[in-house]
Amino acid sequence: MDERRSVMTPHLKYLKYLLRHKWYVFVAGCRTKAPLWRLIIHDWSKFLLSEWNPYVDYFYRDNTGEGSAAIMKYGLAEMAPYGFFTEDRFNIAWNLHQKRNRHHWQFWVLTQDCGGRFPLPIPDSYIREMVADWAGAGRAITGKWEVCKWYAKHKHDIVLRMEVRECVELYLEHYFGPIPVIHGTTENVGELVNG
């Protein structure tokens, strides 16, 4: 019984988080006026095994012995094939999630053959869901509505067209409050493209 419980506990913890996240996204989405259907199906792909298991393993299991296991099996941890480590599997799942779900800004960034990144226009319904997702994720993790503070800290890493960024910031300020100005950062300036 204890073995089954130890196997199931990480899955139940992740399910609890995921449902809490979906609830807060729904609440935030009602504020941002995101389409109801988008809020109902929000993050549906996280229930697929290709995302579920890597997320459970990454966030809810102890993976500290992976390096030793790789050394035992391959002689050197660096010799382990890609996908052996939990972080590799999570990165694949996170990339799949971004490409399956249009409320992620990464879905709308074209990586060009030359290596450049070109942000595409994002329809309004997905912008509203994206803002709700950021707010709901923060609330599910910290218990607070701190999306404007989070955005101020991360906006330089988010690749958006200028008109999309203006819309995002309008929704953030209208529905969640002012975006604080962070002084003294040396972060790279986010890529902006005029439409």
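Springs between Cα atoms under 10 Å define the GNM used for the chain, and in it the highest mean-square fluctuation of His11, His103, His42 occurs at His11. Per residue, the convex hull around the alpha carbon atoms of the chain comes to 165 Å³. Charged neighbours of His21, selected by a Cβ distance under 12 Å, balance to +3 (K, R count +1; D, E count -1). With only Cα atoms counted, region 23-106 has Rg and Dmax values of 17.1, 55 Å.
For the residue pairs Lys13/Lys149; Lys22/Lys73; Lys22/Lys149; Lys99/Lys155, the C-alpha atoms sit more than 31 angstrom apart in Lys22/Lys73.
I need the Debye-formula profile for region 97-138: one equal scatterer per C-alpha, no solvent, reported as log10 I(q)/I(0) at q = 0.23, 0.28, 0.32 1/Å, two decimals. Once normalised to I(0) and log-transformed, intensities are -0.77, -0.96, -1.09.
Annotation: the residues Glu87, Glu146, Glu129, sorted from fewest to most other C-beta atoms within 10 Å of their own C-beta, follow the order Glu87, Glu146, Glu129.
Every number here is computed from the coordinates shown, using simple stated rules; none is lab data. None of these values were measured; they are calculated from a predicted model. Here the Cβ is made from the backbone with ideal geometry for all residues, glycine too, and neighbour counts use every protein chain on show.
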